[in-house]
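J.: Sharing a structure with you now.
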Amino acid sequence: ASKPTLDYAGATITYHTLGNTEEIARIVSTTGELYEYVLTKCDSATSQAKTDYPSATVVKVPVMSVTAHSAPTLSFLDELDVEHMIVAYSGHNNVVSTEVRSNFTANSVPDTYDSSSYSTNWTAMAAADPEVHFAGNGWGGYSAAIGVSGLPADQHDRVVMIDEVTEKTPLGRAEWIKVVGLITGKEERADQTFKAIKSSYEQAKLIANSVLAGDKPKTVHASFFSGSMYAAASDSYMAELLRDAGGDYIVPDTYTQGSAMPLSDLETILADAEVYFNSGTRVVTVDALIGSADILKTASAAKCDNMYEWAKRYVDAGGYDALDFFEGAIVKPHLSLQDAIAALHPDLMTNYETYFTTRLTTSSQDLGGCPFDAEENENEESSSTSSGGGKKKKKNDDNDDDEPMVSPSAQVAAMAEDTIITLVVCLSVGVLLIGAAAGAIGYYRGRRTQAQAAETSSFKNIAVAQRT
């Protein structure tokens, strides 16, 4: 059978033999600091691996009990239907998955979130005594787990970092499900799941790629805190997703993620962006968003009624809303892409019902007319044959039941002859993992979702405020 590989994540896998019988796979990060893991399936191989790879963390797999501190890892475990393996988790209030919540209740899984530090209590995690501690690469994650206030030294060799946060593409992030699958004995399920994700993502991207270069709306993905904008950088996975959706992502390459947007760039972006995607807190209305930064009154997207947020799926976390976009969306990038296409190019997604996004309710204030209306009218007069793409201002009605929803898969089926997905059963005896880790501090600690660190600001106060 074919062996699992990482084709989109920032790592490579090679296979080797341990001794005469035990096969291992070596995963080497292509960027960042190296973390090394050896996964074996028998006691003798475990002992030999510790000798052959003295700097590695050696884990006998498949494991039956784990802890998790981040929403991305939680989403991988949930997708593989192994949430029952979780014996401790940090931040129960932030969990959106009903299956995971039910498991936590039924099995009295302890909540190890420390509200005094807005982080994970790794001492409490240690008390759960799992076979593996899954730690993300961000606020309260891997570094904290093995730090002076983290796990006891005799549990450091149980920590495995899930480093999806450093990935620059949506598929790269999702592909980390294969690593979780290898550790939990679900490698075949993980491989098949990712193949399906990849196929759906590429089909949706094909639809968006039908848009002409001149018809790609300018767009930005950002949030505001204390009047300042924190945007997804031009090389982030969110920027990649919006480009794949047929958008023109206009954050300058010079912008450093996690920093406040310079005023000159901010004014230009708000004036030029035809579609604005709000990151983070659920706000529901344009007026509520303007309340976080008065400068948003000047935003063309607000004037054109083209402001969206990723907040359709959420739970009340007690004083704030926890969004599934920072949990389930990690393993559903194809649905995030479809939602983005529907916002940027509604004509391409007729009768499509969004999964994560909602359009913000129109402002009750007089913000002035949409600055793109005159330009669009001129274009229509000069070219009556133009279709799709461009500066879209009409709404994609989520509640339109006159016709059945047309999915991207169905649309692509009409565009392509056929799509063949080969499902490969991947069996491995032991695995050596060297995963990448960049030292970014997570932007939104409360979800401990390194997803947020990857897309917006690492500013700790935002994490405290949202815990999403």
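The values are calculated or read from the model by the stated rules, or taken from the named source; none is laboratory data. Being a predicted model, the structure only gives us computed values, none of them experimental. In this analysis, Cβ positions are derived from the backbone assuming ideal geometry, glycine residues included, and neighbour counts consider all displayed protein chains. Areas reflect the complete protein model, heavy atoms only, side chains present, ligands, DNA and RNA absent. Shrake-Rupley method; radii C 1.70, N 1.55, O 1.52, S 1.80 Å.
J.: Whole number in Å², please: accessible area per residue of segment 179-225, 1.4 Å probe, ligands, DNA and RNA not counted.
T.: Value for segment 179-225: 35 Å² per residue.
J.: Follow-up question, since we're still on this one. Report ³J(HN,Hα) in whole Hz for each residue of segment 266-272, in order, from the Karplus equation J = 6.51 cos²θ - 1.76 cosθ + 1.60 where θ = phi - 60°; Gly and Pro get x.
T.: Once rounded to whole Hz, the list reads 4, 4, 5, 5, 5, 6, 8.
J.: Whole-Hz Karplus ³J(HN,Hα) for segment 51-56, in order, using 6.51 cos²θ - 1.76 cosθ + 1.60 and θ = phi - 60°, x for Gly and Pro?
T.: 7, 6, 10, x, 8, 8
J.: Just to confirm my numbers, what's the Cα centroid distance between segment 291-363 and segment 236-286 in Å?
T.: Going from one Cα centre to the other spans 13 Å.
J.: For segment 57-215, which whole-number percentage of the solvent-accessible area (1.4 Å probe, protein heavy atoms only) is attributable to carbon and sulfur atoms?
T.: In segment 57-215, the share of accessible area belonging to carbon and sulfur is 48 percent.
J.: Scan around GLU23 for amide H atoms under 5 Å from its own, H built in the peptide plane at 1.01 Å from N, and keep only partners 5 or more places away or cross-chain.
T.: Answer set, sorted by chain and number: LEU18, VAL429, GLY430.
J.: Follow-up. How long is the gain from SER264 to THR285 if the chain were fully straight, where each residue apart is worth 0.36 nm and the alpha carbon distance is subtracted?
T.: Here the segment from SER264 to THR285 would lengthen by 5.0 nm.
J.: Roughly what % antiparallel, to the nearest 5, for the DSSP beta bridges in segment 103-245?
T.: 60
J.: If I take R0 = 45 Å and measure r between the Cβ atoms of ALA213 and SER115 in this structure, what FRET efficiency does the formula 1/(1 + (r/R0)^6) give, to the nearest 0.05?
T.: In this case the efficiency is close to 0.35.
J.: Please list, in chain and number order, the residues 5+ apart from THR57 or on another chain whose amide H is under 5 Å from its amide H, with Hs placed from the backbone.
T.: Residues meeting the amide H criterion: GLU36, TYR37, VAL38.
J.: Right, something else. What order, most packed first, do the peptides 166-179, 348-361, 145-158, 67-80 have when packing is the mean number of other Cβ atoms within 10 Å of each residue?
T.: So the peptides 166-179, 348-361, 145-158, 67-80, ranked by packing, come out 67-80, 166-179, 348-361, 145-158.
J.: Order CYS42, CYS370 by their accessible area, 1.4 angstrom probe, all chains in place, largest first.
T.: Ranked from most to least accessible, the order is CYS42, CYS370.
J.: What are the residues whose amide H is under 5 Å from the amide H of ASP114, where those residues sit 5 or more places off or on another chain and H is modelled from the backbone?
T.: SER119, THR120, ASN121
J.: Please work out how many pairs of lysine residues in segment 185-310 are eight or more positions apart (or on different chains) and have Cα atoms closer than 17 angstrom.
T.: Lysine pairs meeting the criterion: 4.
J.: Order 285-292, 249-256 from most to least packed using the mean count of other Cβ atoms within 10 Å.
T.: Going from most to least packed, we get 285-292, 249-256.
J.: Which ³J(HN,Hα) values in Hz, rounded to whole numbers, follow from the phi angles of segment 253-265 under the Karplus curve 6.51 cos²θ - 1.76 cosθ + 1.60, where θ = phi - 60° and Gly and Pro get x?
T.: 5, 7, 6, 9, 4, x, 10, 5, 5, x, 4, 4, 5
J.: Under the definition of Cα pairs under 8 Å and six or more residues apart, what whole-number percent is the relative contact order of segment 1-137?
T.: 18
J.: Shape verdict for segment 259-361, please, from the Cα gyration tensor: rounded (a/c under 1.5), prolate (a/b greater than b/c) or oblate.
T.: It is oblate, given that a/c is not under 1.5 and a/b is not larger than b/c.
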